[in-house]
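Structure record follows, encoded as structure tokens.
The values are calculated or read from the model by the stated rules, or taken from the named source; none is laboratory data. Computed from a predicted structure; not experimentally measured. Backbone-built Cβ (ideal geometry, glycine too); neighbour counts: all protein chains shown.
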Amino acid sequence: MLFLATFFPTWEGGAGAYDFVGEFMKATVDLADLVGLHLVMSRNAGKGEYKIMVAAMGWATAELVMSRCIPLWVGARGIEFDWKYIQMSIDSNISLGHYIAMAALVWMFTRYDLPKRYRLPLTLLLGLSVYKAFFMESFVHVFLLGSWTALLVKAVITGFLALSSLGLFVTLVHGN
């Protein structure tokens, strides 16, 4: 966050304007997440499946605690009910699926025995996983989606990413 605040300050454009270039550059910083996931998995001993689960669960838990836990705890305990807390909870579950898929992709990409035919699909899926938030924000801004529709689109994109990474994982690990 300190890196983002230092090198990518907020854009103060007109009301309703969206800075596509600035948001793309901010999303590019998420490449460091891939490096962090790789470092976590390379320091862990064990089978690949365990490395993926440990790294993904730890990463998702840290993200949940740092960004959603306090607002959810404080806001959901209030007198009035608001649907945004249900949406935050659903979004946390979608993020967990996203981090599991991303950890699996990083683990597969860093294998030393990875066949060359898997490089391009893995690279495309890793790119989608890194820039998913940017694509979502742009899509929501361009098409003026509501919060529930945006959550559904996020779930569909994450489901596609997760199923694609699962398919590659199964063919790579068990189908060679």
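Using the structure shown, decide if VAL142 is among the β-branched types (Val, Ile, Thr) and surrounded by fewer than 14 Cβ atoms within 10 Å (Cβ to Cβ).
The answer is yes for VAL142.
Would you check if there is a residue in the range 148-161 being surrounded by 13 or more Cβ atoms within 10 Å (Cβ to Cβ), within 16 Å of ILE52 (Cα to Cα) and touching a residue at least 24 places away in the same chain (Cβ under 8 Å)?
yes
Is there a residue in the range 94-111 that is farther than 15 Å from ASP33 by Cα and surrounded by fewer than 13 Cβ atoms within 10 Å (Cβ to Cβ)?
Scanning the range 94-111 turns up no residue that is farther than 15 Å from ASP33 by Cα and surrounded by fewer than 13 Cβ atoms within 10 Å (Cβ to Cβ).
For residues that are over 20 Å from the mean Cα position of the chain (by Cα) and not hydrophobic (A, V, I, L, M, F, W, C), scanning just the range 85-118, find the one that is nearest to VAL40 (Cα to Cα). It would help to see each step written out before you state the result.
First, the residues of the range 85-118 that are over 20 Å from the mean Cα position of the chain (by Cα): 111-118.
Remaining after also requiring not hydrophobic (A, V, I, L, M, F, W, C): 111-113, 115-118.
On the way: ARG111: 15, TYR112: 17, ASP113: 20, PRO115: 23, LYS116: 25, ARG117: 26, TYR118: 23 Å.
Only one residue tops the list, namely ARG111.
Can you tell me which residue among LEU151, LEU145, LEU124 is under 16 Å from SER95 (Cα atoms) and of a type in the set (A, V, I, L, M)?
Only one candidate passes the filter, namely LEU151.
Say we look at the range 1-38 and pick out the residues that are farther than 22 Å from ALA56 by Cβ and of a type in the set (Val, Ile, Thr); which of these is modelled with the highest pLDDT?
Quick first cut of the range 1-38, residues farther than 22 Å from ALA56 by Cβ only: 2-26.
If we keep only those that are of a type in the set (Val, Ile, Thr) as well, we get 6, 10, 21.
Working: THR6: 58, THR10: 61, VAL21: 71.
Per the criteria, the residue is VAL21.
Which of the residues that make up the range 162-176 are touching a residue at least 12 places away in the same chain (Cβ under 8 Å) and not hydroxyl-bearing (Ser, Thr, Tyr)?
Result: ALA162, LEU166, LEU168, PHE169, LEU172, VAL173, ASN176.
For the subset of the range 162-176 comprising residues that are hydroxyl-bearing (Ser, Thr, Tyr) and touching a helix residue (DSSP H, G or I) at 6+ places or on another chain (Cβ under 7 Å), which member is surrounded by the most Cβ atoms within 10 Å (Cβ to Cβ)?
Top of the filtered list is SER165.
Need pairs with beta-carbon distance below 7 Å; first residue among the β-branched types (Val, Ile, Thr) and within the range 26-41, second assigned to a helix (DSSP H, G or I) and buried (at least 17 other Cβ atoms within 10 Å of the Cβ); sequence gap 6+ or separate chains.
Every condition considered, the pairs that remain are VAL40/ALA55.
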